[in-house]
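K.L.:
Here's a structure for you.
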6 protein chains.
Amino acid sequence: MSEEERIEKGKALRRTVLGSAYVDRPGTSPTKYQAAFAKFAEEHCWANVWIRPGLELRERSMINLAILASLARWPEFEVHVRGALNNGVTEDEIHEIILQAGVYAGIPIASEAFRAADRVLADATDSDPAK
Amino acid sequence: MSEEERIEKGKALRRTVLGSAYVDRPGTSPTKYQAAFAKFAEEHCWANVWIRPGLELRERSMINLAILASLARWPEFEVHVRGALNNGVTEDEIHEIILQAGVYAGIPIASEAFRAADRVLADATDSDPAK
Amino acid sequence: MSEEERIEKGKALRRTVLGSAYVDRPGTSPTKYQAAFAKFAEEHCWANVWIRPGLELRERSMINLAILASLARWPEFEVHVRGALNNGVTEDEIHEIILQAGVYAGIPIASEAFRAADRVLADATDSDPAK
Amino acid sequence: MSEEERIEKGKALRRTVLGSAYVDRPGTSPTKYQAAFAKFAEEHCWANVWIRPGLELRERSMINLAILASLARWPEFEVHVRGALNNGVTEDEIHEIILQAGVYAGIPIASEAFRAADRVLADATDSDPAK
Amino acid sequence: MSEEERIEKGKALRRTVLGSAYVDRPGTSPTKYQAAFAKFAEEHCWANVWIRPGLELRERSMINLAILASLARWPEFEVHVRGALNNGVTEDEIHEIILQAGVYAGIPIASEAFRAADRVLADATDSDPAK
Amino acid sequence: MSEEERIEKGKALRRTVLGSAYVDRPGTSPTKYQAAFAKFAEEHCWANVWIRPGLELRERSMINLAILASLARWPEFEVHVRGALNNGVTEDEIHEIILQAGVYAGIPIASEAFRAADRVLADATDSDPAK
């Protein structure tokens with residue numbers, strides 16, 4: 001697979017996992033820095049790691065939530081709660097991942113992670129056309 | 001389930017996951033602090049989190065490796081590499097978890113995690129009677 | 001002491017330390033995740049650690065502020081500034097704890113901790129009926 | 001150099017690096033804690049480290065951005081993006097520092113750092129009288 | 001108090017807290033970096049923070065152990081376990097501080113902190129002339 | 001530049017910065033995990049970040065030491081102290097970087113970083129044929 005093919009495959013996977021509504025969300029046009037980061041993330045995260053075989057997408061999502069919660073990276077954690085739901089991780093499984101992080105990374109991590117996950121679930125409900 | 005039953009169930013699960021060879025490893029008699037920690041860990045980690053339904057043991061092991069690598073907790077990471085192998089996580093899956101942590105928690109995390117995992121695999125090979 | 005008694009004792013202590021105004025603060029009804037976290041925190045933090053003898057409550061509060069500041073857990077830090085004041089830690093002692101954290105955890109920690117403590121003190125003044 | 005001279009020199013350097021507009025920014029009068037932190041920072045950071053010879057100011061700014069990004073200290077990071085621009089670090093160099101932190105401290109660090117830097121650049125543009 | 005007096009007072013306090021046996025421990029002559037760090041630590045930690053009134057030394061030791069454990073700074077933690085014992089913190093109180101850190105900073109922190117504290121206690125026993 | 005060219009350029013740069021003595025150091029043949037990490041590091045760090053224009057190599061080395069010290073990644077920090085010396089960073093500049101990290105990331109970081117840097121300098125002296 002050429003580098004270009006790998007990057008295209010990574011971009012497509014990013015769209016599948018995070019959803020077109022997120023990837024194409026309207027907003028102000030990106031700054032120079034935002035555009036640079038998007039390119040960097042596409043090449044490093046999606047084209048190099050997410051597209052690898054060896055773990056199911058559902059498992060990568062679980063692992064990613066565990067990493068992001070442990071490091072208290074809340075904006076990125078929220079993005080990947082959305083991705084995890086798209087990859088078939090259930091709300092109850094997210095609950096278990098957060099409790100496990102609470103014991104191994106400290107209880108305030110669980111407190112902040114539950115709040116961040118709640119924000120995503122509230123958003124999902126708000127924008128649900130079937131609501 | 002009473003508290004006593006839960007703690008007994010947690011102890012039994014700890015033995016299953018980490019293995020009797022590890023739990024009963026010979027050594028100097030534990031200090032007061034070591035005994036206190038063992039009790040604390042049994043009650044907090046094993047009786048409260050590990051025995052919960054909602055995730056397969058194999059998934060809990062994957063998540064735990066992701067948390068411990070992200071936080072650079074290497075002695076505990078080594079213990080849980082052993083536990084992950086016992087819970088059916090393969091060497092190749094451990095490899096993927098470490099690469100994912102390397103991208104999201106920084107590349108030196110991958111470097112140190114691979115070294116820690118190698119120490120466990122070397123030990124496992126050394127003490128393998130079938131070798 | 002049975003598990004139930006210990007949990008009840010932990011809940012009562014949480015109310016004493018954080019104050020009824022905080023514990024019963026009005027708000028939207030808790031989400032499923034919030035309710036799960038409250039139960040987890042009551043059982044792990046309050047029923048298992050805070051109720052232990054061996055340290056005065058005032059000392060536990062000081063230690064807790066030091067831990068939460070070092071890890072930059074600001075929402076939880078704010079809750080425990082309030083608890084520390086209730087446990088008899090003075091504003092000047094909180095000042096000293098933050099300076100100590102500034103030297104050992106890095107000066108930006110002191111900057112953020114002073115800001116978080118100021119928010120709590122401003123709230124306390126605003127809602128003080130004797131003001 | 002006496003302690004008083006060193007502290008005066010540190011204060012002057014702080015004003016040069018962060019700019020008078022920042023140091024004298026209007027606002028509510030500082031709380032007791034804010035005043036204490038300002039004194040602590042002047043004595044520890046500026047009078048003890050920043051005024052040292054051995055590195056150019058431009059290099060100290062680069063190093064400082066790397067430290068603050070790695071530790072996710074965003075409010076302080078924003079202050080020092082402004083200082084770095086004053087010390088002659090270019091926007092493109094800030095871009096490179098953030099990418100380097102993204103690889104060594106994890107990609108969510110780059111995401112949050114780009115956002116924080118964008119906020120500073122947007123502010124700088126807004127208040128630019130020549131705009 | 002002049003800067004010189006403050007630094008002298010800090011040095012004397014460091015000797016009181018850490019003990020002459022530690023401060024004057026024989027060894028190879030310090031490298032240039034070691035000498036630079038000793039001066040930096042004396043001026044920043046001891047002359048600026050430890051000598052401040054506002055907290056008892058015993059309380060500063062407790063807080064310091066909490067900070068160092070939370071950040072997993074084990075070599076410095078060991079030095080301050082020794083200092084805490086000298087300042088009147090008991091082994092049982094150190095035990096409580098570590099458990100509190102285990103809940104708020106994650107259980108592997110408690111595991112590593114107990115091991116580090118055990119090393120100090122073993123050393124203290126070995127070199128105790130009354131043994 | 002094709003992906004292959006970029007990776008070759010990254011490998012060559014790694015050899016220049018870290019030195020052939022390090023890259024070709026004799027040892028046991030690498031494990032599967034070690035080989036996987038070397039490939040990952042070459043592609044992510046060297047071929048993607050280090051070869052970028054926009055910062056001098058000397059500046060990248062300074063920034064890298066600041067990042068690795070702040071995160072307490074000591075084995076990787078040691079590798080890059082060696083690289084920094086090869087890139088023209090002086091021992092006195094390394095000293096300044098460590099002091100700056102000591103103030104912004106906490107004083108134990110300076111203590112551990114000076115020790116790690118001393119190990120590298122001692123090694124360099126031991127193997128210096130001109131000694």
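K.L.:
In nm to one decimal, list the spacings between the A:Lys9 label point and its equivalents in the other copies, with label points set 7 Å along Cα to Cβ, shortest first.
P.N.:
2.5, 4.3, 5.9, 5.9, 6.8
K.L.:
Using Cβ counts within 10 Å as a stand-in for footprinting exposure, how do D:His80, D:His44 rank, fewest first?
P.N.:
Details: D:His80 26, D:His44 23.
Final ranking by Cβ density, sparse to dense: D:His44, D:His80.
K.L.:
Taking springs between alpha-carbon atoms closer than 10 angstrom, which of A:Ala117, A:Ala105, A:Ala21 fluctuates most in the Gaussian network model of chain A?
P.N.:
A:Ala21
K.L.:
A further question follows. Alpha carbon centre of the stretch B:25-54 versus the stretch D:23-49: separation in Å?
P.N.:
Their Cα centres are 46 Å away from one another.
K.L.:
What is the magnitude of the charge dipole of the protein assembly as shown about its Cα centre, with +1 placed on the Cβ of each Lys and Arg, -1 on the Cβ of each Asp and Glu, and no other charges, expressed in debye to the nearest 20?
P.N.:
Details: 96 positive and 120 negative charges, 0 e Å.
My answer is approximately 0 debye.
K.L.:
Which value in Å does the Kirkwood hydrodynamic radius of the stretch A:1-110 take, with 1/r averaged over all unlike C-alpha pairs and then inverted?
P.N.:
Numbers: mean 1/r = 0.0669 Å⁻¹.
Roughly 14.9 Å, rounded to one decimal.
K.L.:
Could you identify the residue of C sitting closest to the C-F rotation axis by Cβ and state that distance rounded to whole angstrom?
P.N.:
Closest Cβ on chain C to the axis mapping it onto F, in Å: C:Gly106, 2.
K.L.:
Turning to a different aspect of this structure: Which of E:Ser70, C:Ser2 has the fewest other C-beta atoms within 10 Å, and how do the rest follow up to the most?
P.N.:
C:Ser2, E:Ser70
K.L.:
Shortest first and in nm with one decimal, please list how far the C:Glu91 label point sits from its counterparts in the other copies (point 7 Å along Cα→Cβ).
P.N.:
C:Glu91 label point versus its equivalents elsewhere: 4.3, 4.3, 4.3, 5.1, 6.3 nm.
K.L.:
Could you go through the stretch B:97-114 in sequence order and give the Karplus-derived ³J(HN,Hα) for each residue, using 6.51 cos²θ - 1.76 cosθ + 1.60 with θ = phi - 60°, rounded to whole Hz, and x for Gly and Pro?
P.N.:
Computed from phi, the couplings for the stretch B:97-114 are 4, 5, 4, 4, 5, x, 7, 8, 10, x, 5, x, 4, 5, 4, 6, 5, 4 Hz.
K.L.:
Quick one: Debye curve from the alpha-carbon atoms of the stretch E:33-84 only, equal weights, vacuum; give me log10 I(q)/I(0) at q = 0.14, 0.26, 0.28, 0.30 Å⁻¹ to two decimals.
P.N.:
For the stretch E:33-84, the Cα-only Debye profile gives -0.39, -1.12, -1.16, -1.18.
K.L.:
Sticking with this one: Can you pull out the GluC sites (Glu not before Pro) in the stretch F:1-102 whose DSSP state is coil and whose Cβ has at most 16 other Cβ atoms within 10 Å?
P.N.:
Numbers: sites: F:Glu3, F:Glu4, F:Glu5, F:Glu8, F:Glu42, F:Glu43, F:Glu56, F:Glu59, F:Glu76, F:Glu78, F:Glu91, F:Glu93, F:Glu96; in loops: F:Glu56.
Sites meeting the loop and neighbour criteria: F:Glu56.
K.L.:
Only Lys, Arg, Asp and Glu count, each charged at its Cβ (+1, +1, -1, -1), so figure out the dipole size of the stretch E:24-131 about its Cα centre, rounded to 20 debye.
P.N.:
Numbers: 11 positive and 16 negative charges, 83 e Å.
Taking the Cα centre of the stretch E:24-131 as origin, the dipole is about 400 debye.
K.L.:
State the percent of C-alpha pairs, over all pairs in the protein assembly as shown, separated by a distance greater than 39 angstrom. Could you put the intermediate results ahead of the total?
P.N.:
Numbers: 113623 of 308505 pairs.
So the portion of pairs separated by more than 39 Å is 37 percent.
K.L.:
Under 16 Å from the Cα of F:Lys11, which aspartates and glutamates turn up, not counting those fewer than eight places away in the same chain?
P.N.:
Filter leaves F:Glu3, F:Asp24, F:Glu42, F:Glu43.
K.L.:
While we're here: Quick one: label points 7 angstrom along Cα→Cβ at F:Ala36, distances to the other copies in nm, smallest first?
P.N.:
Values, ascending and in nm: 3.0, 3.3, 4.0, 4.0, 5.1.
K.L.:
I need the phi-derived Karplus couplings for the stretch A:6-20: 6.51 cos²θ - 1.76 cosθ + 1.60, θ = phi - 60°, integer Hz, Gly and Pro marked x.
P.N.:
These are the phi-based 3J(HN,Hα) values: 5, 5, 4, 5, x, 4, 5, 5, 4, 5, 5, 6, 8, x, 5 Hz.
K.L.:
Same structure, new question: In whole Hz, with x marking every Gly and Pro, tabulate ³J(HN,Hα) for the stretch E:81-89 from phi via Karplus 6.51 cos²θ - 1.76 cosθ + 1.60, θ = phi - 60°.
P.N.:
5, 4, x, 5, 4, 5, 8, x, 6
K.L.:
Please compute the average number of Cβ atoms from other chains found within 10 Å of each residue's Cβ in peptide C:31-41. Working shown, then result.
P.N.:
Values: counts 6, 6, 12, 4, 1, 6, 12, 2, 0, 11, 6.
That works out to 6 on average.
K.L.:
Right, here's the next one. For peptide B:42-54, how many partner chain Cβ atoms fall within 10 Å of a residue's Cβ, on average? Can you show the working numbers first?
P.N.:
Working: counts 0, 2, 11, 5, 1, 0, 6, 10, 2, 0, 4, 2, 7.
Averaged over the peptide's residues, the number is 4.
K.L.:
Next question. Calculated from DSSP H runs of 4 or more alone, at -39500 (n - 2.57) each and per residue, what is the 222 nm mean residue ellipticity of chain C, nearest 500? Can you show the working numbers first?
P.N.:
Numbers: 7 runs with 92 residues, N = 131.
Estimated from H runs of four or more residues: -22500 deg cm²/dmol.
K.L.:
First check a/c for the stretch E:51-131, with a ≥ b ≥ c the square roots of the eigenvalues of its C-alpha gyration tensor; if it is under 1.5, answer rounded, and if not, answer prolate when a/b is larger than b/c or oblate otherwise. Each step should come with its number before you reach the end.
P.N.:
Details: a/c = 1.91, a/b = 1.11, b/c = 1.73.
Oblate is the answer for the stretch E:51-131, as a/c is 1.5 or above yet b/c matches or exceeds a/b.
K.L.:
Mean separation of Cα pairs under 8 Å and 6+ residues apart, divided by the residue count of chain E: what relative contact order is that in percent? Don't jump to the answer; show the numbers that get you there.
P.N.:
Numbers: 100 pairs, mean separation 31.8, N = 131.
Once divided by the residue count of chain E, the mean separation gives 24 percent.
K.L.:
Could you tell me whether the stretch B:82-126 comes out rounded, prolate or oblate from its Cα gyration tensor? Rule is a ≥ b ≥ c as square roots of the eigenvalues, rounded for a/c under 1.5, then prolate if a/b exceeds b/c, otherwise oblate. Present the calculation step by step, with values, prior to reporting the outcome.
P.N.:
On the way: a/c = 3.05, a/b = 1.56, b/c = 1.95.
Taking the square roots of the gyration eigenvalues as a ≥ b ≥ c, the stretch B:82-126 is oblate.
Every read-out reported here was derived from the displayed coordinates using simple, explicitly stated rules and does not represent laboratory data. None of these values were measured; they are calculated from a predicted model. With ideal geometry, Cβ positions are generated from the backbone for all residues, glycine too; neighbour counts draw on all protein chains shown.
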